[in-house]
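The values are calculated or read from the model by the stated rules, or taken from the named source; none is laboratory data. Note that the structure is predicted; figures quoted are calculated from it, not measured. A quick note on method: Cβ atoms are made from the backbone with ideal geometry, for glycine too, and the neighbour counts reach across all protein chains shown. Side chains included, ligands, DNA and RNA excluded: accessible areas come from the protein's heavy atoms. Shrake-Rupley method; radii C 1.70, N 1.55, O 1.52, S 1.80 Å.
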Amino acid sequence: MLIIGSVLLLIVAIAVEHYCQLPTWQLLLAYLPAYLLVGHETLKEAAEGIAHGDVFNEHFLMAVATIGALCIGFLPGADTEFAEAVFVMLFFQIGELFEGYAEGKSRDSIAHLMDIRPDVAHVATSDHADEVVKDVSPDKVEKDSVIIVRPGEKVPLDGIVIDGASSLNTVALTGESMPREVYAGDEVISGCINLSGLIRVRTTKPYGESTVSKILQLVEHASENKSKSETFITRFARIYTPIVVFAAIALALLPPLFSGNFATSFPVWLYRALMFLVVSCPCALVISVPLSFFGGIGGASRNGILVKGANYMDILAKTGTVVFDKTGTLTHGKFAVEAVHPDTCDEQQLLHLAAHVEHFSTHPIGAALRDAFPNEATDGCKITQVEEVAGKGIKARVGDDEVCVGNTKMMETIGADWHDCTHPGTIIHVAINGSYAGHIVINDLVKEDSAEALRTLKELGIAKTVMLTGDRREVGERVANQLQIDEYHTELLPNDKVEHVARLLREKPKDSFLAFVGDGINDAPVLASADVGIAMGALGSDAAIEAADVVLMDDKPSKIALAIRIARKTTAIARQNVAFAIGIKVGVLALASCGLATMWMAVFADVGVTVLAVLNAMRTLK
């Protein structure tokens, strides 16, 4: 509204100047309302900057330039520049409007994460036979409380479902639109939206330690870690602005002093100095570069990629080596049946018997066998005489048959004539009534999109991919060959991984960086030693959020390539803005010093360049 009002007043003032022959001071009074209406905030900011010792800022430059343009008409032989002064301030405010809009859009891209903040928690308490539900603030809920989450509400705290089933919308956390099904016994994290059924959740953490709290803290502090580009621009502006002010003063005074006719030439050189000030305002650089990185961080967050600061955007963009942990990063980190090789029965019978014998086992291998035959708990078979043989396996009676499930030592103990398997993985042998029945291969399966992730990284020009794992050589070799990883090392202890990363850091090119991708829990030392640490599959993992520089909120390795692509686009746009702004400004400054530039060229070199740079920076949001 101020801009529209100022435009109308400016049109009136121009009409008055055109149709009325007024003296200079009366003409100034005609233009002052338009100038003050649109420029009072800038003048106020300039005055406050002077009062607080921050003299050389863009508001000071604009105030000096426009006030000088208003005063220049009172010099002998000089033309009035009242209209130009109002136009400069008007276009400056239009530029500020564009900047505010762009910054608002950037903040909106971050603000979608703030929507995950829960408003209330329904705490269930027992009062004799009747249950009482109290609505309290999430930060007042203690650990091990029972909360009720109704359909359409946000899950307020991390916990475990103790009753009910539902679908959870995790899009604000992971960027994935596919709902996640949860049942009794499943873990849920704060920030998800309950879509369908009512669930009861026993909280496992207070609000301050919950996933939603950790994420909000991370996002709110992301702007504190500035990129090298931002740091350079900030320092540049602090040094550049006072130099420009003194250069403008010299431009206004020195040529007239040496011309021999100070009174005649001073208005000309003062006008050039004022243009010099308008052009030299570093708004385009100071605004657009941080805005580019802020937009990039927001765009990444929309895809479930949390970057802890713009400095990590710089590093990601120049990453040339990516080092992976295997378990939980490239693989699921959970045992599953990969192959069944029966000898004397069919595959289903072999799985059926093995799952029954492992019915009471808490070992991950037992869980893998039960998952492969989920009907074992309801098919009515009677399991008796269960005996676990230390270091060998388990034997039990399933119906009328004695079934032994275990390693080769178990087979040798009972005298079963077993045979080896060339398939890489953990081999579980099965014998029925002392006779060998076959074996089952169990492996930590490679994630569905790991191959795509490695392929995309190669397409992005990543020079080297490396896998470090504590697994056996044959297991690591199988995964590395399957994913076509350049280099791999197996049977490593945590300190061995640190040593390998240190070696890779020494070997990488000088202008390239190394990223380590791990689960953020047992890989904290390596995450810290890499140029940039990326926590993989960090949904609900406090350790990952704390240890890593970049947090991927889902379990997809393909997001690594997306993070690098976003970082490269962001830094490219920031560089474009720097080159464009400096190039235009240097050109117009040179013209202004020679008297070949007009005030309109100066306005474009300042406000026009700022608007174009801000619009360019907004591309990082896409």
- Note on the structure: Between the alpha carbon centres of segment 235-266 and segment 567-622 the gap in Å comes to 23 Å
- Accessible carbon and sulfur surface of segment 417-468 relative to its total accessible area, %, 1.4 Å: 50 percent
- Would you mind telling me the share, in percent, of accessible area of segment 329-368 contributed by carbon and sulfur at probe 1.4 angstrom? 53 percent
- Message: What does the charge count around ILE394 come to, taking other residues whose C-beta lies under 11 Å from its C-beta (Lys +1, Arg +1, Asp -1, Glu -1)?
- Response: -1
- Item | Solvent-accessible ranking of LYS326, LYS134, LYS205, largest area first, probe 1.4 Å | LYS134, LYS205, LYS326
- Task: Please sort by residue number the chymotrypsin sites (Phe, Trp or Tyr not before Pro) in segment 284-360 whose DSSP state is loop and whose Cβ has at most 13 other Cβ atoms within 10 Å.
- Result: PHE360
- Task: Can you send over the solvent-accessible area of HIS52, 1.4 Å probe, protein chains only, in Å² to the nearest 10?
- Result: 150 Å²
- Could you pull out the pairs from LYS447/LYS497; LYS447/LYS510; LYS143/LYS497; LYS134/LYS205; LYS318/LYS556 whose alpha carbons sit more than 27 Å apart here? LYS447/LYS510; LYS143/LYS497
- Solvent-accessible ranking of CYS71, CYS345, CYS192, largest area first, probe 1.4 Å: CYS71, CYS345, CYS192
- Message: Sorting check: for 427-436, 347-356, 195-204, 136-145, which peptide has the highest mean count of neighbouring beta carbons within 10 Å, and how do the rest follow?
- Response: 347-356, 427-436, 195-204, 136-145
- Note on the structure: Packing-ranked peptide list from 580-586, 613-619, highest mean Cβ count within 10 angstrom first, is 613-619, 580-586
